[in-house]
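Quick notes on the structure that follows.
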Amino acid sequence: MKIAIASGKGGTGKTTLAVNLASFLAESRKVVLCDLDVEEPNSGLFIKGKLIHREDKFKMIPEWEKDKCTLCGHCQKVCNFHAVIQLGDQIMVFPELCHSCYACSELCPVDALPMIPQKMGELKQFKKEGLSFVESRLDIGQEQAVPLIAQTREDLDKNFDDDFIKLFDAPPGTSCPVIEATKDADFVILITEPTPFGLHDLTLAVDTMRELEKNFGVIVNRHGIGNNDVLTYCQKKNIPVISKLPNDRRIAELYSRGSLIYQKIPEFKKQLVNIADYLLKLQEEGIR
Amino acid sequence: MKEIVIISGKGGTGKTSITASFAMLGGKDIVVADCDVDAADMHLLMQPDWEKSEDFYSGVIAEIDQEKCVKCGNCADVCRFSAIPIIDKKYVVNKLNCEGCGYCFHVCPTDAITMKEQNVGKWYISNTKADNVMVHARLGIGAENSGKLVAKVKNEAKRIAKETDKEFIVVDGSPGIGCPVVSSLSGADFVVLVTEPTVSGLHDLKRVYQLVKKFNISAGCIINKSDLNTKVARQIEKFLREENIIHISDLPYDETFTKAMTNGQTIVEYDDANLKNILVNSWEKIK
Ligand code: SF4
Ligand code: SF4
Ligand code: SF4
Ligand code: SF4
């Protein structure tokens, strides 16, 4: 079963939930947690496991072979992203703009633009007792998160079979990176805060999930601050509220130190038990 | 004209609440730009009148005319994004997967494929309760946040500031380190980094600062919730000294942030004591 944890905006407790839920579930099942927030991966700060694998991740970009090129200008014409440009008798490639579509390369009449790998980030795999943890990190200066997210998902599919509960910490927002991260999830948890910002961003996230035709539910974090509008909204839209995590300064303090929360705060653990029950029941009902 | 961009690397640090407070304090001297188009929230505090709105088009996606398609499969073969599956024996484009590269368009023997411009959102010009103009936007669901909409919002804000002779542009920047934040930062005169003393706050601050450095922009930092973890707060201060980042101010952990927001107010309206003083002083330092 693949479960993505997402939120319309950052800072609503996505990572807190992901690391605590993963660690808790791993006490009794095979679990892999995967941080797909490749621009700002944070889960690893809370799970200090043993590094068991590291590899560079590449994207493919064209490289100009001057000797073969006839300067026909076709490559510049076919590239929709202005990533290959003809300047006088030079062809210039702008790797950060390239989407690796291969059009220029394969449509070049004389094979003067072979595709070569360029490093865009790295993937690390850790192990801590029953929990496996995979993290991908985009290099500074790389502007596109989506290819790295896609490769990380593929890796996970290859390396972990269906016996694993797979939890994904998705990037924030509602644009391409979130779509890529939640694409093949069986269930999406949207975590939000009971505030006007939280509600506004939740409605965007809900619209996104409806568009993707995903099964999803909501977890309200820092329940008790703000107002009741998020709960009213969920009720009106028939969206299940899976759990309400307490608002407690001690949670913020534990988080600030990079500590897990459920081992120290019983009320938080109680909520995790509920969430775990909810997810395992979904699994039994055949969402896998 | 001075362009001040407020960013935070990660969400939840209070960036938008702080930016909105500066927008209030700047009043009629400034133009406000909300460049966090993916989760644009500032309008919830600024009561904009949505005076002008315009659709924003950016990028294209493929569309297949079934009448012309001879089912040769060329398009699906070349597509690197698995965006042309066969459904009911027809080649169709999966809109969410299509990157708009146009490769399929070039290899279709019967010209069955057209590349259609995409409406990726809307942008607005509003008058706010702070007696200034705000440019903001809303990205469509699942649209690619290529940074183009961010650039549009910023350029419009710049244009208005120039035309109306304003001193400052205050920009609520995007999160992350990708295209949107690159667009938010380009052309800025000063960057305000909002962070919190948590291990992830420090981690993201360092990461996003690497990007700021590439742009060679001078920077200052506000540590929000500074009393949450004094040890990490010290580490942040050390980092600021090492990198010559101005330590603008510290704000305490305070649920007033949330209360003000729930009231639809900025902090400087809701609070008339400590928090307000700190923010007033911060704004004086920044501008
Ligand atoms: S398409 Fe090939 S031959 Fe033509 S200009 Fe580009 S690289 Fe040169
Ligand atoms: S691979 Fe595609 S995106 Fe990259 S340069 Fe070539 S045509 Fe442009
Ligand atoms: S435009 Fe590119 S991504 Fe879209 S369907 Fe055609 S080949 Fe695939
Ligand atoms: S390349 Fe053109 S004709 Fe061939 S399957 Fe695709 S749309 Fe149809």
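Looking only at the range A:4-31, how many residues end up being part of a strand (DSSP E or B) and buried (at least 22 other Cβ atoms within 10 Å of the Cβ)?
Going through the range A:4-31 one residue at a time, the tally reaches 3.
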A:ILE261 passes all but one of (1) assigned to a loop (DSSP other than H, G, I, E, B); (2) surrounded by fewer than 18 Cβ atoms within 10 Å (Cβ to Cβ); (3) within 24 Å of the chain's Cα centre (by Cα); which number fails? (2)
Checking B:GLU242 against (1) exposed (fewer than 14 other Cβ atoms within 10 Å of the Cβ); (2) modelled with pLDDT under 95: exactly one of these is not met. Which one? (2)
I'm trying to understand the selection: among the residues of the range A:193-225, which are more than 11 Å from chain B (Cβ to nearest Cβ) and under 18 Å from the mean Cα position of the chain (by Cα)? A:LYS214, A:ASN215, A:PHE216, A:GLY217, A:VAL218, A:ILE219
If the Cβ limit is 8 Å and pairs must be 6+ apart or interchain, which residue in the range A:58-72 that is farther than 16 Å from A:MET92 by Cβ pairs with which residue that is near ligand 2 (Cβ under 10 Å from one of its atoms)? A:LYS59/A:CYS98; A:LYS59/A:SER100; A:MET60/A:SER100; A:MET60/A:TYR102; A:MET60/A:MET115
Run down B:GLY102, B:GLY121 and say which single residue is at the interface with chain A (Cβ under 10 Å from one of its Cβ atoms) and away from ligand 2 (no atom under 16 Å from the Cβ). B:GLY121
Those helices (runs of 4 or more DSSP H) lying entirely in the range B:99-203 with at least 2 residues surrounded by fewer than 22 Cβ atoms within 10 Å (Cβ to Cβ) and within 16 Å of ligand 1 (Cβ to nearest atom): B:103-107
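Here are A:THR174, A:THR152, A:THR232: which of them is part of a helix (DSSP H, G or I), in contact (Cβ under 8 Å) with a residue 12 or more places away in the chain and farther than 22 Å from A:PHE24 by Cβ? If you could, list the steps in order and put the result at the bottom.
Numbers: A:THR174 fails: part of a helix (DSSP H, G or I); A:THR232 fails: in contact (Cβ under 8 Å) with a residue 12 or more places away in the chain.
None of the other options fit; the residue is A:THR152.
Let's see how each residue does on (1) within 12 Å of another protein chain (Cβ to nearest Cβ); (2) at pLDDT below 95:
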residue	(1), (2)
B:GLU163	no, no
B:SER174	yes, yes
B:ALA188	no, yes
B:LYS206	yes, yes
So B:PRO48 passes all but one of these: (1) under 22 Å from the mean Cα position of the chain (by Cα); (2) over 27 Å from A:SER7 (Cβ atoms); (3) in a loop (DSSP other than H, G, I, E, B). Which condition number does it fail? (2)
In the range B:82-92, which residues are surrounded by fewer than 18 Cβ atoms within 10 Å (Cβ to Cβ) and either closer than 30 Å to A:MET60 by Cβ or assigned by TED's automatic domain parsing to the domain that holds B:THR258 (or both)? B:SER82, B:PRO85, B:ILE86, B:ILE87, B:LYS90, B:VAL92
Identify the residue in the range A:155-171 that is of a type in the set (Asp, Glu) and assigned to a loop (DSSP other than H, G, I, E, B) and, among all such residues, is farthest from the other protein chains (Cβ to nearest Cβ). A:ASP163
Return yes or no: is B:ILE248 outside any helix (DSSP H, G or I) and in contact with a Gly (Cβ under 7 Å, 6 or more places away or on another chain)? yes
I need every pair where a residue in the range B:245-262 that is within 11 Å of another protein chain (Cβ to nearest Cβ) and among the small types (Gly, Ala, Ser) has its Cβ under 6 Å from the Cβ of a residue that is surrounded by 21 or more Cβ atoms within 10 Å (Cβ to Cβ) and assigned to a helix (DSSP H, G or I), sequence separation at least 6 or different chains. B:ALA260/B:ILE267
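Would you check if A:ASN238 is more than 14 Å from chain B (Cβ to nearest Cβ), out of contact with any Gly (no Cβ under 8 Å at 6 or more places or on another chain) and assigned to a loop (DSSP other than H, G, I, E, B)?
Numbers: more than 14 Å from chain B (Cβ to nearest Cβ): yes; out of contact with any Gly (no Cβ under 8 Å at 6 or more places or on another chain): yes; assigned to a loop (DSSP other than H, G, I, E, B): yes.
So A:ASN238 passes the test.
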Only one of A:LEU87, A:LEU107 is more than 20 Å from A:VAL134 (Cβ to Cβ), within 16 Å of ligand 2 (Cβ to nearest atom), touching a residue at least 24 places away in the same chain (Cβ under 8 Å) and not assigned by TED's automatic domain parsing to the domain that holds A:ASN274, namely A:LEU107
Check whether at least one residue in the range A:211-227 is in a helix (DSSP H, G or I) and out of contact with any His (no Cβ under 8 Å at 6 or more places or on another chain), and report yes or no. yes
The condition of being surrounded by 18 or more Cβ atoms within 10 Å (Cβ to Cβ) and either assigned to a strand (DSSP E or B) or not aliphatic (A, V, I, L, M) (or both) holds, among A:LYS124, A:LYS119, only for A:LYS124
What is the one condition in (1) within 14 Å of another protein chain (Cβ to nearest Cβ); (2) within 14 Å of ligand 4 (Cβ to nearest atom); (3) not in a loop (DSSP other than H, G, I, E, B) that B:GLU63 does not satisfy? (1)
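Going through B:ASP111, B:ASP131 one at a time, which residue ends up being within 13 Å of ligand 4 (Cβ to nearest atom), more than 14 Å from chain A (Cβ to nearest Cβ) and of a type outside the set (Phe, Trp, Tyr)? Before you say what the answer is, go through the steps one by one.
Values: B:ASP131 fails: within 13 Å of ligand 4 (Cβ to nearest atom).
Result: B:ASP111 is the single residue among B:ASP111, B:ASP131 that is within 13 Å of ligand 4 (Cβ to nearest atom), more than 14 Å from chain A (Cβ to nearest Cβ) and of a type outside the set (Phe, Trp, Tyr).
Would you mind stating whether A:CYS101 is of a type outside the set (Asp, Glu) and in the same structural domain as A:LYS77 (by TED's automatic domain parsing)? Write out each step before concluding.
On the way: of a type outside the set (Asp, Glu): yes; in the same structural domain as A:LYS77 (by TED's automatic domain parsing): yes.
Considered against the rule, which asks whether it is of a type outside the set (Asp, Glu) and in the same structural domain as A:LYS77 (by TED's automatic domain parsing), A:CYS101 comes out as yes.
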Tabulated pairs, the range B:6-25, first within 20 Å of B:ARG207 (Cβ to Cβ), second aromatic (Phe, Trp, Tyr) and not in a loop (DSSP other than H, G, I, E, B), C-beta under 6 angstrom, 6+ apart or interchain: B:GLY14/B:PHE257
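The values are calculated or read from the model by the stated rules, or taken from the named source; none is laboratory data. Model, not experiment: these values are computed from the prediction. Note: ideal-geometry Cβ built from the backbone for every residue, glycine included; neighbour counts use all protein chains shown.
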